[in-house]
Amino acid sequence: MNAARRIKILHVVFSLDPGGMENGIVNVARGLDPAEFEIHVCCLNSTGAFAERLPQPENVHVLGRKSGFDIRATFKLSRLLSRLKPHVIHSHNLGSLTYASLASAFGWRHPILHGEHGLLPPEQCTPRRIRQRAILYRCCRCIHTVSVGQKQQLADFRLPVQRIVALINGVDTNRFQPGDKAPLRGQLDLPEDAQVMGIVGRFVGLKRHLDLLEAFDVLAVKNDKAHLLIVGSGGAESDRIHERVWQSPFKSRIHLAGFQSDPRPFYQAMDILVVPSIIEGMSNVVLEAMACGIPVLAHNACGNAEMLVHGSDGFVQDLSTAQNLRVAIQNILADSTALPKIGSQARQNVVKKFSIAEMISNYERLYWEVAKSRRSVSNNY
């Protein structure tokens, strides 16, 4: 592939702080053939820890956006576009699309591929926000979601379904594999005979750490083997979560692991991963745990139902309250002998259905289509 055919991609995000969307950007960037694709990332706010995982960290451009709408950030992005001349702008979620649209003359100077990475929360479903999306989507050659359920939600709001494709997330099953639980627990200071439930993610309200802590405190009264492993850091709820852990009468059985650049041993040490998030697209955390052979208990948000078959390779239930969450965990741990078989089935299914190679191939084709397109691309994904 000669240099003239090489496609230059500019991702537009607020930062590369650890998160599922940011992890997906890095995974795709690392998987694309560098002979065909040159990857740049514009961080509107700040850099973030995941920048170092990119194949070329020096291609991260930070604009230092101020809080609120910062018109200066738009001018900075416009100048960056003039200098880099990307073949495709890949914006992620509504805020970055706003800046990308304005800086690119509403998509006429550079084609925009826009990604939505989760179900729209209630505050994004107001008539005003839907109108805003409808206007900005007209600036895009294509909009992609990470699950079929997300695509359906956008279609239900009468957004332009002919421009929306679902690009299903994938996981590196060579990297994420089952491990030997006993020695890993020794390394992580977890009792070998404990029943370990875990949660992985940023400390934000939608992840519902506080509800899980409430459920754990009740469950731990009668289950002296129950332990809670919390992996993650940052986010608006960080202080509240740490304070809640400190107040727990069972704080000696709650393990705050912080952010982990390599979460594999933490998954492998769990008996079950708990994902009570109300809003999900297609969770990388769920796929990573499944690849490690760990059963997942997840709220019946759209992406989770597309990944898990209840009772076969995981558990998908209504976890909308702390009580529902406690009862679900309690019932699963009461029959913990079934968990290894369910974890094994989870591993088999994720290998079969959620290949990272297929995900990268889909992005590769879509980037080529958008780069060569006039106003719209095919829906064959």
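The values are calculated or read from the model by the stated rules, or taken from the named source; none is laboratory data. What you see is a predicted model, and the numbers here were worked out from it, not measured in a lab. Glycine gets a Cβ as well: all are built from the backbone with ideal geometry, and neighbour counts include every protein chain shown.
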For this session: Looking only at segment 280-289, decide whether some residue is without any contact (Cβ under 8 Å) to a residue 12 or more places away in the chain, more than 23 Å from I112 (Cα to Cα) and of a type in the set (A, V, I, L, M).
Result: no
For this session: Give, as residue ranges, the helices (runs of 4 or more DSSP H) completely inside segment 204-273 that count at least 2 residues that are at pLDDT 95 or above and among the aliphatic types (A, V, I, L, M).
Result: 209-222, 238-247
Problem set entry | Cross-chain or 6+ apart pairs with Cβ under 7 Å, segment 109-127 first and under 17 Å from F14 (Cβ atoms) and among the small types (G, A, S), then assigned to a loop (DSSP other than H, G, I, E, B) and modelled with pLDDT under 95 | G118/I279; G118/E280; G118/G281
For this session: Output the number of residues of segment 158-197 satisfying the condition of being touching a Cys at 6+ places or on another chain (Cβ under 9 Å) and within 25 Å of L287 (Cβ to Cβ).
Result: 6
For this session: Tell me which residues, restricted to segment 274-296, are surrounded by fewer than 24 Cβ atoms within 10 Å (Cβ to Cβ) and over 25 Å from Q124 (Cβ atoms).
Result: G293
For this session: Only residues that are among the hydrophobic types (A, V, I, L, M, F, W, C), assigned to a helix (DSSP H, G or I) and buried (at least 16 other Cβ atoms within 10 Å of the Cβ): list them for segment 315-334, please.
Result: A322, L325, V327, A328, I329, I332, L333
For this session: Please tell me if D17 is in contact with a Gly (Cβ under 6 Å, 6 or more places away or on another chain) and charged (D, E, K, R).
Result: yes
Exercise. Taking the condition in contact (Cβ under 8 Å) with a residue 40 or more places away in the chain and out of contact with any Cys (no Cβ under 8 Å at 6 or more places or on another chain), does V200 pass?
Worked result: yes
For this session: Consider L210 carefully, then state whether it is over 22 Å from F50 (Cβ atoms), in contact with a Phe, Trp or Tyr (Cβ under 7 Å, 6 or more places away or on another chain) and without any contact (Cβ under 8 Å) to a residue 40 or more places away in the chain.
Result: no
For this session: Select from segment 245-262 the residues that are hydroxyl-bearing (S, T, Y) and either in contact with a strand residue (DSSP E or B) (Cβ under 7 Å, 6 or more places away or on another chain) or not assigned by TED's automatic domain parsing to the domain that holds H209 (or both) and list them in ascending order.
Result: S248
Problem set entry | A291 more than 18 Å from the chain's Cα centre (by Cα) and assigned by TED's automatic domain parsing to the domain that holds L212 | no
Exercise. Yes or no: Q162 surrounded by fewer than 15 Cβ atoms within 10 Å (Cβ to Cβ), polar (S, T, N, Q) and farther than 21 Å from N23 by Cα?
Worked result: yes
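For (1) surrounded by 20 or more Cβ atoms within 10 Å (Cβ to Cβ); (2) farther than 27 Å from G201 by Cα, each residue gets a yes or a no:
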{"position": "N23", "(1), (2)": "no, no"}
{"position": "E36", "(1), (2)": "no, yes"}
{"position": "L44", "(1), (2)": "yes, no"}
{"position": "T47", "(1), (2)": "no, no"}
{"position": "F106", "(1), (2)": "no, yes"}
{"position": "H114", "(1), (2)": "yes, no"}
For this session: Spot the failing condition for S312; the list is (1) surrounded by fewer than 22 Cβ atoms within 10 Å (Cβ to Cβ); (2) not in a loop (DSSP other than H, G, I, E, B), and only one is missed.
Result: (2)
Exercise. Got at least one residue in segment 137-146 being at pLDDT 95 or above, more than 27 Å from I89 (Cβ to Cβ) and among the aromatic types (F, W, Y)?
Worked result: no
Exercise. Are there any pairs, at least 6 apart or on different chains, whose C-beta atoms fall under 9 Å, with the first in segment 37-49 and on the phi > 0 side of the Ramachandran plot and the second assigned to a loop (DSSP other than H, G, I, E, B) and of a type in the set (A, V, I, L, M, F, W, C), and if so, which?
Worked result: G48/F14; G48/L16
Exercise. Going by the structure shown, is P122 within 21 Å of S277 (Cβ to Cβ), exposed (fewer than 15 other Cβ atoms within 10 Å of the Cβ) and not assigned by TED's automatic domain parsing to the domain that holds L287?
Worked result: yes
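Each row is one residue, and each column tells you yes or no for (1) within 20 Å of the chain's Cα centre (by Cα); (2) modelled with pLDDT under 95.
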{"position": "D17", "(1), (2)": "yes, yes"}
{"position": "I25", "(1), (2)": "yes, no"}
{"position": "R30", "(1), (2)": "yes, no"}
{"position": "T47", "(1), (2)": "yes, no"}
{"position": "Q56", "(1), (2)": "no, no"}
